[in-house]
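One structure below.
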Amino acid sequence: MPIRFENSPAFFNVSADTTALGAIDDARKEKHCERRAIAWLLAKDAVSSVILGASKLPQLEDNLGAINVRLTAAEVAELDAATVLPPVYPNWVYDRFVDQPLAQALHKL
């Protein structure tokens, strides 16, 4: 990887991936973590449906059990925080090279 891109958000963020995996691992300790994951998706205002990938009847029954799972606002916020995506190109370029110098120049006026 070229040195000039090593701090770029376009590449994988290992610490963020570890945080997300930690939250998922905490969920795995509970029974039916799949239900919790589906309930988290259904708690989102932007999500109207979830496509299940069950290939066996017990998997389908377990996934459908998510209907009965209610996550608290704190649980939803915890999972949201663990799965924040990095900014995409070109947004991170504008944030880093255009918006910051412009903001600094405006504050000096």
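Computed from the coordinates by the stated procedures, all read-outs in this text should not be read as laboratory data. Note that this is a predicted model, so its numbers are computed, not measured. For neighbour counting, all protein chains shown are included, and Cβ atoms are generated from backbone atoms with ideal geometry for every residue, glycine included.
If you take every residue apart from Lys56 with its C-beta less than 15 Å away from the C-beta of Lys56, what net charge results, scoring Lys and Arg +1 and Asp and Glu -1? Net charge in that neighbourhood comes out at -3. 3J(HN,Hα) along region 54-66, derived from phi through the Karplus expression 6.51 cos²θ - 1.76 cosθ + 1.60 where θ = phi - 60°, amounts to 6, 10, 10, 4, x, 5, 4, 4, 5, 5, 5, x, 5 Hz, with x in place of Gly and Pro. If the segment from Ser48 to Leu106 were pulled out straight at 0.36 nm per residue, it would be longer than the present Cα-Cα gap by 16.7 nm. Taking other C-beta atoms within 10 Å as the exposure proxy, Asp45, Asp80 rank Asp45, Asp80 from fewest upward.
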